[in-house]
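The values are calculated or read from the model by the stated rules, or taken from the named source; none is laboratory data. It should be emphasised that the depicted structure is a prediction, and the values quoted were computed from it without experimental measurement. Using ideal geometry, Cβ is built from the backbone for each residue, glycine included, and neighbour counts are taken over all protein chains shown.
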Ligand code: ADE
Ligand code: ZN
């Protein structure tokens, strides 16, 4: 209880959270009510929480896309992003790198400029209204061809002020990281940082591929690195941070249960890790709960928890002045 209060009051940074996955159940229910008759998503927040019961990773992705499909107008996207800023501030999150999948909106008729104008306006308003600084990671939804190409194009052609990094999400099995090597090379050449998902539901080889083929500087999840001692050594030596999301891994079935979560083994191997939510309401969690889960798994006291929070600031892509203000 005392540690819980300490965590709740601790200023934190969140480095792995998806914009649609962070939408509060009441915003999702409001959108479902607006589009009733053309969505399987329930129009009641309590039922939305029940709807988030995933059989496995594939089912999670399917439900995620049903929520994505509720964002049909610019104001839907604005309200979602602004609300996420408010929810993060309520958790004492002062800085967040939010993964946006532009393809989700391009595929539903949004123009590239429109997506960027809306999220940038919501980002600035959230910072003014709530004090939380948001930065963007634009990610490829694990689909080669036009979806990958248009993700790169919107990042480089629009280059919104808040954009700091380039990512890769969606399905991992049967989706070789190397497919996207040209996209990451171009994004990195333009100064964007590389943060692909890897080793979430597949193996350590996927993490090696993310490092070698995509120049990963941090890895989203990366938990299956634990299978390969040489990889653990490489991550530690090159200071490649894993942005770990414990409850997400249990709720999607990536890990059988919390007791078997690799987080303690990763930390024991000297791998830099941060603790994050991924898709907080979808997994019935928030950043304070994830910090409590990590404290339990790692037997941390308040000092240990504060160290975890500082690791996230250091591993972030915030500018030097922003980092100094948070450390
Ligand atoms: N998109 C949203 N959450 C995700 C996850 N955990 N893995 C891959 N893609 C995602
Ligand atoms: Zn993720």
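Structure values in brief
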| item | result |
| --- | --- |
| Answer residue from segment 126-182, given it is assigned to a loop (DSSP other than H, G, I, E, B) and over 22 Å from residue 209 (Cα atoms) and is farthest from ligand 1 (Cβ to nearest atom) among those | 131 |
| Options 102, 1; residue that is modelled with pLDDT under 95 and closer than 30 Å to residue 223 by Cβ | 1 |
| Subset of segment 262-289 (residues that are in contact with a strand residue (DSSP E or B) (Cβ under 7 Å, 6 or more places away or on another chain) and assigned to a loop (DSSP other than H, G, I, E, B)) | 271, 272, 276, 277, 279 |
| Top-ranked residue in segment 169-192 [being within 16 Å of ligand 2 (Cβ to nearest atom) and within 19 Å of residue 16 (Cα to Cα); ranked as farthest from the chain's Cα centre (by Cα)] | 177 |
| Residue in segment 205-213 that is more than 16 Å from ligand 2 (Cβ to nearest atom), within 22 Å of residue 61 (Cβ to Cβ) and modelled with pLDDT of 95 or more present | yes |
| Checking residue 193 against (1) buried (at least 18 other Cβ atoms within 10 Å of the Cβ); (2) in contact with a helix residue (DSSP H, G or I) (Cβ under 8 Å, 6 or more places away or on another chain), the condition it does not meet | (2) |
| Candidates 292, 259, 321, 254, filtered to the one that is farther than 30 Å from residue 47 by Cα and either at pLDDT 95 or above or not in a helix (DSSP H, G or I) (or both) | 321 |
| Filter result for residue 134 (within 28 Å of residue 79 (Cβ to Cβ), surrounded by 24 or more Cβ atoms within 10 Å (Cβ to Cβ) and away from ligand 2 (no atom under 15 Å from the Cβ)) | yes |
| Members of segment 295-318 that are within 24 Å of residue 194 (Cβ to Cβ) and part of a helix (DSSP H, G or I) | 308, 309, 310, 311, 312, 313, 314, 315 |
| Within segment 191-213, considering residues that are part of a loop (DSSP other than H, G, I, E, B) and closer than 18 Å to residue 138 by Cα, the one farthest from ligand 1 (Cβ to nearest atom) | 191 |
| Residue in segment 5-31 that is surrounded by the most Cβ atoms within 10 Å (Cβ to Cβ), counting only those that are within 16 Å of ligand 2 (Cβ to nearest atom) and assigned to a helix (DSSP H, G or I) | 22 |
| Residues within segment 60-80 that are outside any loop (DSSP other than H, G, I, E, B) and under 15 Å from residue 110 (Cβ atoms), tallied | 8 |
